[in-house]
Amino acid sequence: MKLLNGAELAGYMKENQAHTVKALRSRKIFPKLVIIRNSDSPVILKYVHLKQKYGEDIGITVEDWYREDVAEAVREANAQEDVHGIIVQLPLVDPSLTDEVVSEIAVEKDVDGLGTEVRIQRGETAKFESATATAINWLLAGYDINLAQSKIALVGRGRLIGKPLARMWGDSGYDVTAFGRGSDLMTLRDFDVIVSATGVPHLITGDMLKPGAVVVDAGTASEGGVLVGDIDDSVREREDLLAITPKVGGVGPLTVTALFEHVLIAANK
């Protein structure tokens, strides 16, 4: 069984990004990303730190803004010409404000693709797709998984992964089926590629998959203070699967890489 190692792919891309930053700086362009949050939760601080470290490694300035009024902070960052990318680090203290806040991000600075769904609903054009959805697409392409000849199941219809992937792959003409709450997950046996992004620990079990399946775990939840995915350990015990993401180093590292790739595109406008 092949491991879909996103960290390895991210390493290759990171080197190229560092060279791109140097080229931009030679033209007096200094890429900057602003992360806006209104929570000090350990999980959020961990993600912010990872992005700051990545930015430092490739030469991109990453500023961490803690603000109670996140929407006002977004408007402030929109107005700063030297800011090329803006992220609202989710979840907000009041999650009901998410759509309102992310739709405030200027379309050319929405490098995480957070406002894409809202913009599409309003009939507007979004410049960047979800960084996580982009990362999953890169991951499967990087390991030569043939999506054009596969039956694809997307478990979860969330704004960051399920919906953008369904749109991305649907536009490419792929055979995609979305599973939501109440769907019969035993029918996953009929699919070649399964991407799960629900945040429900151990949701996908070994008896739900056919031999030769490709499994991508993009779910994240906290269980006893430990971050876990959607895929149960019984899946990883299956030796007859074609490929699966590792517990650590699958989608996550490439998501950060995709995010900074978008920052570079925005800076090079």
Between a residue in the stretch 148-165 that is under 11 Å from residue 198 (Cα atoms) and any residue that is part of a helix (DSSP H, G or I) and open to solvent by 70 Å² or more (accessible area, probe 1.4 Å), which pairs come within a Cβ distance under 8 Å, given they are 6 or more apart or on different chains?
157/163
Is it the case that the stretch 147-168 has a residue that's open to solvent by 30 Å² or more (accessible area, probe 1.4 Å) and over 21 Å from residue 191 (Cβ atoms)?
yes
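Just to be sure, is residue 127 of a type in the set (D, E, K, R), modelled with pLDDT of 95 or more and either in contact with a helix residue (DSSP H, G or I) (Cβ under 8 Å, 6 or more places away or on another chain) or open to solvent by less than 20 Å² (accessible area, probe 1.4 Å) (or both)? If you could, list the steps in order and put the result at the bottom.
Details: of a type in the set (D, E, K, R): yes; modelled with pLDDT of 95 or more: no; either in contact with a helix residue (DSSP H, G or I) (Cβ under 8 Å, 6 or more places away or on another chain) or open to solvent by less than 20 Å² (accessible area, probe 1.4 Å) (or both): yes.
No: the conditions fail for residue 127.
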Every residue from the stretch 155-192 that is of a type in the set (Lys, Arg) and closer than 12 Å to residue 130 by Cα:
159, 163, 167
May I ask you to say which residue of 269, 247 is closer than 19 Å to residue 6 by Cβ, open to solvent by 20 Å² or more (accessible area, probe 1.4 Å) and modelled with pLDDT under 95?
247
Can you tell me which residues in the stretch 43-81 are part of a loop (DSSP other than H, G, I, E, B) and open to solvent by less than 70 Å² (accessible area, probe 1.4 Å)?
59, 60, 80
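Take the residues in the stretch 170-211 that are at positive phi and either at pLDDT 95 or above or within 18 Å of the chain's Cα centre (by Cα) (or both), then tell me which one is most open to solvent (accessible area, probe 1.4 Å).
Our first condition is that a residue be at positive phi; within the stretch 170-211, this holds for 173, 182, 199, 202.
Checking the rest, the ones that are also either at pLDDT 95 or above or within 18 Å of the chain's Cα centre (by Cα) (or both) come to 173, 199.
Values: 173: 64, 199: 26 Å².
Ranking the qualifying residues of the stretch 170-211, first place goes to 173.
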Filter the stretch 212-228 for residues that are open to solvent by 20 Å² or more (accessible area, probe 1.4 Å) and within 18 Å of residue 140 (Cα to Cα); the one that is nearest to the chain's Cα centre (by Cα) is 217
Residue under question is residue 12, and the condition is that it be open to solvent by 30 Å² or more (accessible area, probe 1.4 Å), at negative phi, under 19 Å from the mean Cα position of the chain (by Cα) and free of Cβ contacts under 8 Å to residues at least 60 places away in the same chain; does it hold?
yes
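The values are calculated or read from the model by the stated rules, or taken from the named source; none is laboratory data. Being a predicted model, the structure only gives us computed values, none of them experimental. Glycine also receives a Cβ, built like all others from the backbone with ideal geometry; neighbour counts cover every protein chain displayed. Side chains are part of the model used for accessible areas, which takes the heavy atoms of the whole protein and leaves out ligands, DNA and RNA. Shrake-Rupley method; radii C 1.70, N 1.55, O 1.52, S 1.80 Å.
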